[in-house]
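Below is one structure; the comments refer to it alone.
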Amino acid sequence: MLKLLNKYAQKLVSHGLCLPDTPLVGGVNDRVLWNRKDPRTAELEKIIAGLNINSIILARPVDPFATILDYHCRNSESEFVPEDTETRTFLHSIPVARSLRAEEIVPLLQKRKGCVIEGQGIITTGTVSPEQAFVVFSSIIFSAFVKFFVDYAYALHSGPVDEEAQKLLPQLLAAYERFLPVGPPTELATGPFSAADEIVQAMIEAGQATVDARMVDSFFGNISYFANEHVYISQTGSSLDELAGCIDACPLDNSASTGITASSELVAHRDIYLGGDQRAILHGHPKFSVIMSMLCFEPDCKNRGKCHIRCEKARFIDDIPIIPGEVGTGPRGLSRTLPPAVQGRRGAIVYGHGVFTVGNNDFREAFTSLATIEDACRAAYLQLIGELAAQRE
Amino acid sequence: MHGWCGKILRVNLSDQTTDELRLDPQIYARNLGGKGLAGELLFEHFQRRWDDPLLPLVLMTGPLNNTASPTSGRMTVMSRSPLTGAVCDASVGGKMGTLLKRAGYDGIILSGKSPDWCGLNICDHGVSFTDARQLCGLETSAIHHRLQAAPGMEKGAHAMIGPAAEQGVRFAAIVFDGHYFAGRGGLGLVMAAKKLKHISVVGNQKTAIFDQTELQAAQEEIYRLVAASPILTGDLGISNYGTGALYDLMRSRRMMPTANFRQTWFEHSAAMNASAYKKRYKTKKFGCAGCHILCKKVGIKGEIIPEFETMSHFSALIGNSNLEAVVEANRICNEAGMDTISAGVTLATYAELSDQQLTPDKMLDLLADITTGRGEGGALGQGALRLATKAGRPELAMVSKGLEFPAYDPRGAQGMALAYATSTRGGCHLRAYPISHEILRKPVATDRFALSGKARIIKISEDMNAVVDSLTACKFLFFAASLEEYARALNAVTGLQTSAQQLLATGERIYYRERIMNARNGFAASDDDIPARFFAESGSSSATIQVAPLDRQEFLQERAAYYRIRGLDENGLPTAEKCAALELPC
Ligand SMILES: [Zn+2]
């Protein structure tokens, strides 16, 4: 148990979300264990006593995230509701507390998996593993970040602009610079690959590089490679920086269903391979790509509010299409919208969700595209708010 | 009341009279429905023997039945098990749950004993009893056919017992709508003890919904998660392949119970997976009322494709490599109305006891003998533990509290060891279902070869599934959604203002009550155990997967931790303190 607690405390730090020695991670079996000593554990144990959980995280993230969370707290009565896929699918809403008191926190955590405490950070829980608490923690950061920049752009376009947000913007952008994508630390392997071991190795390496380059915040991305009439794909809920043992080989003819644990996007990946010459797919959640996907100023659009499933407008960032689609195989699922959009292109951005990129032989191209798309989106965002601000004057 | 009908039909079979029970809304809110409410109603009768006419057999729906809430077609059947003597509740699909609500009832309490075989018929206008003697000895599909042919009943829901129950088989099931089973623990035999052959229900009433818009929003949230779940709706998931989709996974994880749990890998399994059935039988899908996943599969000629447990036990556990024989074994069990899991394990026990390898023909003959009581059938129909005990080798029965194990070897998913042991109904995977995180990675993955630290997870999962079975929702949905989304659906339907964690507290109380019921019947720590084989013998390891025996010391430590977490004493018995905290009689 202690090993797991330390693992996720360490992950919060190595992902750059928290400063060393700040995350507090607790695990519960017949008694409570903590990753370190802290005066707040007494109050946290009261919170634990009010819940049926087996793990809890309390930590204040670094800037720009802490400032953004506090901003949302000041501007929300009891909760805030970002509109990205992460929130829509898993978080539903993000409750806000004003103090770390069990009486205040327990009712919020009875309803949701995590909440924000103004000035103190984020508190999240899990029922089977601290990994759940870690995932919710990082999802809240992702969703809160996206909401701030999306709201700001819309306010510039058509609403009153909050003065505080305006004042914070330069410092937030500056603080975020160290999270911008960087190239892979070492050159990724050159394909094509054919032996299973080789494929798995290349996937592990590319997954790690994607995390190191900060391109999969929030919930996990996914990754796959196509060879030998099999789609090799990361398992559902696997972390791209921990892919060893978490890759399923799924035969094209479905003659075995071992891949029942494969990523929910298996069908989308498979259909991309069947529709073209690609061999590699990489999927991450770089933030400015998600932000730009959610900014559309089409006047009086009949699909407003349903953009994530209904958008019919052809939207692009450079050559990259922005498409609707929900996670998985539903009638408005990515399995239907993504494969045709990617055909003949480097990739696609899915509304409110993330970016899928492809490569012909290996992950180098897909990795580079993921990074350049995010760069382009960030540049596009800065240009957009510049233009919107100019228009207001 | 919203969600609930507010009345429960009470049937006295001895004199064929009925009345209506109206409970305080508080009792509904506290027990929800299904397993919870049935447990509440059974509590005071629970020390009666299974064949005591005064022991009730309870059928109970939940607040979500007959609403737009996803997978709201299920219901609970509950009584005391003739096989184990323990608590026995079964969550059953089909359309009975929906139709019972449409007929205006939340549930039925059956007690007494009819002078001769009878049928119970319920519709909007009232309740009637019919002579059912002519249905005796018939296969369940024939009974179903006849019941549907009765005037006005073609769209009805029908629950029935088959020849196995008439024959006294201790793992006789109740068969619903031809394809759905209150399968485990011998509930069919309890029904037979009341001389009740079938229950038929039609109805047209609507269930009142507190907030329709909210319900739709909750429904959307749940459907979104279902669509995002590879296990449910992915290309290889159970919507396409049925629960048999798990077969390949168990094979690749080397945890498929083989040769009565002496091995964990079956050499012919690659050719007997879900894909093989799909190809061989060109399957189509169907499922419960109010469900869009449709996990059941039927072949082009109407062959019923076995569920995962059945596929596994009638192949690997018995050493059978003939696909058609698995389908036939399943057919025999379904037609006779008996549990395939208990039947499979009992045959495997028989094979080990008599040191023989059953041929497909022998397997089918023995199953047929169980349904007629011919030859060794009578002894086999008593279940694995009684069979092995009679042979002086009780340790060869792969059971917990006398209930035969399903198709997950606990050496390959160690949380399952504790889950089997602590389950109030015995060797059952569905109470805590650690397979969800140990194998299927939901909600996230845990280390399947570790037991230490899992006690609390098992306890929380038991509480959660107690809620699911009380709502009454489908457990499969919880590979995707959670109580967070279902709390919203429940609030929308009933007007309650509950949350995921408050529901877990409700589940805790429901589960603890079952511990009390078992304790009153003599169950204690020595019953919260699994056979010695799992601590002494290795499974079938491969070059990369080591399937070691379980560590006895670790198991006992974790079980002790479980008792502390659950508020039981060192012997696994309820404590006055915890009973008081949960407001339960001790
Ligand atoms: Zn994604």
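The alpha carbon centroids of region A:231-272 and region B:351-418 are separated by 37 Å.
Per residue of chain A, the DSSP helices (runs of n ≥ 4 H) give a summed -39500 (n - 2.57) that works out to -13000 deg cm²/dmol at 222 nm.
Express the carbon and sulfur contribution to the solvent-accessible surface of chain B as a percent, rounded to the nearest whole number, probe 1.4 angstrom.
Numbers: 9190 of 18610 Å².
Here carbon and sulfur together make up 49 percent of the probe-accessible area.
Within region A:246-280, the residues that become at least 50 Å² less accessible when every protein chain is included than when their own chain is isolated (1.4 Å probe; DNA, RNA and ligands ignored) are A:Asn254, A:Ser257, A:Thr258, A:Ile260, A:Thr261.
Give the B-A buried accessible area in Å², both sides summed, 1.4 Å probe, nearest 100. The partial results should precede the final answer.
Working: alone 20670 and 16750 Å², together 33350 Å².
Protein heavy atoms only, the B-A interface buries about 4100 Å².
Restricting to chain B, what percent of DSSP beta bridges are antiparallel, rounded to 5? It would help to have the intermediate numbers written out before the result.
Numbers: 42 of 52 bridges.
Bridges in chain B that DSSP calls antiparallel: roughly 80 percent.
Approximating the spin labels as points 7 Å out from Cα along Cα→Cβ, the B:Arg280-to-B:Ala150 distance works out to 3.7 nm. Selection among A:Ala102, A:Ala174, A:Phe142 by position relative to the dipole of region A:102-186 gives A:Phe142 as farthest towards the positive end (Cβ unit charges, Cα centre). Counting only DSSP beta bridges with both residues in region A:196-389, tell me the antiparallel percent, nearest 5. Within region A:196-389, antiparallel bridges account for around 90 percent of the total. A crude spin-label estimate for the pair B:Lys475 and B:Arg564, with each label 7 Å from Cα along the Cβ direction, gives 2.8 nm.
Under 5 Å between amide hydrogens, built in the peptide plane, is the criterion, and for B:Leu64 it picks out B:Thr472 among residues at least 5 positions away or on other chains.
Return the loop-located trypsin sites (Lys or Arg not before Pro) in region A:255-338 (DSSP other than H, G, I, E, B) with at most 13 other Cβ atoms within 10 Å of their own Cβ; answer none if there are none.
On the way: sites: A:Arg270, A:Arg279, A:Lys287, A:Lys302, A:Arg304, A:Lys306, A:Arg310, A:Lys313, A:Arg315, A:Arg332, A:Arg336; in loops: A:Arg279, A:Lys302, A:Arg304, A:Lys306, A:Lys313, A:Arg332.
Passing sites in region A:255-338 are A:Lys302, A:Arg304, A:Lys306, A:Lys313.
Farthest toward the positive end of the dipole of chain B, out of B:Thr264, B:Tyr281, B:Ile435, is the Cα of B:Tyr281, where the dipole comes from beta carbon charges about the Cα centre. Model label sites at A:Glu229 and A:Lys46, defined 7 Å from Cα along the beta-carbon direction, differ in position by 6.5 nm.
Of the residues A:Gly121, A:Leu4, A:Leu58, the one whose Cα sits farthest toward the positive end of the charge dipole of region A:2-179, with +1 on the Cβ of Lys and Arg and -1 on the Cβ of Asp and Glu, is A:Leu4. For A:Ala97, the residues whose amide H sits under 5 Å from its own are A:Val116, A:Ile117, A:Glu118, ignoring neighbours fewer than 5 places away on the same chain, with H placed 1.01 Å from N. The simple Förster model, with R0 at 30 Å and r as the Cβ-Cβ distance, assigns B:Gln134 and B:Asp19 a FRET efficiency of 0.55. Given H placed 1.01 Å from N in the peptide plane, which residues other than close sequence neighbours of A:Val231 have an amide H under 5 Å from its amide H? For A:Val231, the qualifying residues are A:Cys250, A:Leu252. The string of couplings for region A:283-289 from the Karplus curve (6.51, -1.76, 1.60, θ = phi - 60°) is 10, x, 10, x, 5, 6, 5 Hz, one whole number per residue in order, with x for Gly and Pro. Legend: calculated FRET efficiency, B:Ala142 to B:Glu537, from the Cβ-Cβ distance at R0 = 51 Å, rounded to 0.05, equals 0.70.
Whole-Hz Karplus values for region B:89-103 come out as 10, 10, 8, 10, x, x, 10, 4, x, 5, 6, 5, 5, 5, 7 Hz, taken residue by residue from phi with 6.51 cos²θ - 1.76 cosθ + 1.60 and θ = phi - 60°; glycine and proline positions read x.
The count of lysine pairs in region B:8-201 that are at least 8 places apart or cross chains, and whose C-alpha atoms lie under 23 Å apart, stands at 12. Rounded to the nearest 5, the antiparallel percentage of DSSP beta bridges internal to the protein assembly as shown is 85%.
Per residue, the protein assembly as shown exposes an accessible area of 34 Å² to a 1.4 Å probe, with every protein chain left in place.
Between B:Arg520 and B:Gln26, what FRET efficiency follows from the Cβ-Cβ distance if R0 is 22 Å, with the result rounded to 0.05? Don't skip to the end; give the middle numbers.
Details: r = 24 Å, r/R0 = 1.10.
For R0 = 22 Å, the calculated efficiency reads 0.35.
Annotation for region A:313-366 versus region A:138-159: alpha-carbon center distance of 22 Å. Evaluated with a Cβ-only charge set (Lys, Arg +1; Asp, Glu -1), the protein assembly as shown carries a dipole of roughly 1800 debye about its Cα centre, given to the nearest 20. A Cβ-based charge dipole, computed about the Cα centre of region A:2-179 with Lys and Arg at +1 and Asp and Glu at -1, lands at about 680 debye.
State to the nearest 20 debye the size of the charge dipole of region A:257-315 about its Cα centre, where the only charges are +1 on K and R beta carbons and -1 on D and E beta carbons. Present the calculation step by step, with values, prior to reporting the outcome.
Details: 9 positive and 6 negative charges, 39 e Å.
Using Cβ point charges on Lys, Arg, Asp and Glu, region A:257-315 gives about 180 debye.
Of interest is the spacing of the C-alpha centroids, which for region B:145-196 and region B:269-342 amounts to 20 Å.
Karplus-derived 3J(HN,Hα) values for region A:31-40, using 6.51 cos²θ - 1.76 cosθ + 1.60 with θ = phi - 60°, are 8, 9, 10, 10, 6, 7, 7, 6, x, 7 Hz; glycine and proline are entered as x.
The values are calculated or read from the model by the stated rules, or taken from the named source; none is laboratory data. Everything numeric in this text was worked out from a predicted model, so none of it was measured. Positions of Cβ are generated from backbone atoms using ideal geometry, with glycine treated the same way; all protein chains shown enter the neighbour counts. To get the accessible areas, we keep the full protein, side chains included, count just its heavy atoms, and leave off ligands, DNA and RNA. Shrake-Rupley method; radii C 1.70, N 1.55, O 1.52, S 1.80 Å.
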